[in-house]
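**Student:** Following this message is one structure expressed as structure tokens.
The values are calculated or read from the model by the stated rules, or taken from the named source; none is laboratory data. Remember, it's a predicted structure, so these values are computed and weren't measured experimentally. Cβ coordinates were reconstructed from backbone atoms using ideal geometry, including for glycine residues, and neighbour counts include every protein chain displayed.
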Amino acid sequence: MSELARIGTRTSIQDPWYDKSSQYTVPYTIYTTGIGYRTDKVSTTPLDYPNPYDMYWDEASKGKMYLLDDSRDAMAHMLLKNGITDINTENPEHIALAKSELKSLIDAVNVKLSTDDYTNLPEGRA
């Protein structure tokens with residue numbers, strides 16, 4: 001996540017619009033997202049790429065690339081890949097870009113969707 005996104009997130013948590021200066025509330029839950037991989041199964045890591053999200057298109061991952069099948073993470077990663085830090089965007093152009101990026105993964109690496117990351121990754125299937 002870019003420093004700008006971190007600052008924006010921190011500000012929205014510490015100074016939300018509905019409770020300026022967080023005088024009366026605290027965050028219930030804070031989530032994050034990331035790229036999971038096993039260093040014993042890949043020759044490159046996200047840190048080896050100029051943009052970590054380019055790892056999704058690595059030919060060496062063909063057939064073993066999974067995206068978390070939920071309503072946010074896959075779209076958020078495509079937005080972040082393209083420098084769009086507002087992962088809650090309603091901008092139709094940004095959403096179309098994320099959709100196009102996701103669809104390109106089908107041919108590039110035969111991407112799969114799963115909610116079984118807690119087993120696929122440790123067992124070496126993803």
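**Student:** Give me a count of the residues in segment 82-104 that are under 24 Å from Tyr118 (Cβ atoms) and of a type outside the set (Val, Ile, Thr).
**Tutor:** The qualifying residues number 1.
**Student:** While we're on this one: Examine segment 68-85 for a residue that is in contact with a Ser or Thr (Cβ under 9 Å, 6 or more places away or on another chain), among the β-branched types (Val, Ile, Thr) and part of a helix (DSSP H, G or I), and state whether such a residue exists.
**Tutor:** So far as segment 68-85 goes, no, none of its residues is in contact with a Ser or Thr (Cβ under 9 Å, 6 or more places away or on another chain), among the β-branched types (Val, Ile, Thr) and part of a helix (DSSP H, G or I).
**Student:** Go through segment 59-84 and report how many residues are modelled with pLDDT of 90 or more and surrounded by 17 or more Cβ atoms within 10 Å (Cβ to Cβ).
**Tutor:** The number of residues fulfilling the criteria is 9.
**Student:** Let me spell it out: the conditions are (1) surrounded by fewer than 11 Cβ atoms within 10 Å (Cβ to Cβ); (2) in a loop (DSSP other than H, G, I, E, B), and Tyr118 meets all of them except one. Which number is the exception?
**Tutor:** (2)
**Student:** Here is a further query. In segment 92-108, is there at least one residue being part of a loop (DSSP other than H, G, I, E, B) and surrounded by 10 or more Cβ atoms within 10 Å (Cβ to Cβ)?
**Tutor:** Within segment 92-108, not a single residue is part of a loop (DSSP other than H, G, I, E, B) and surrounded by 10 or more Cβ atoms within 10 Å (Cβ to Cβ).
**Student:** Oh, and also: Evaluate segment 48-70: report whether one residue or more is of a type in the set (Asp, Glu) and closer than 30 Å to Gln14 by Cβ.
**Tutor:** yes
**Student:** Only one of (1) at pLDDT 75 or above; (2) loosely packed, with under 11 Cβ neighbours inside 10 Å; (3) aliphatic (A, V, I, L, M); (4) not in a helix (DSSP H, G or I) is not met by Ile35, so which one is it?
**Tutor:** (2)
**Student:** Of the residues that make up segment 68-75, is at least one more than 17 Å from Ala126 (Cα to Cα), in contact with a helix residue (DSSP H, G or I) (Cβ under 9 Å, 6 or more places away or on another chain) and in contact (Cβ under 8 Å) with a residue 24 or more places away in the chain?
**Tutor:** yes
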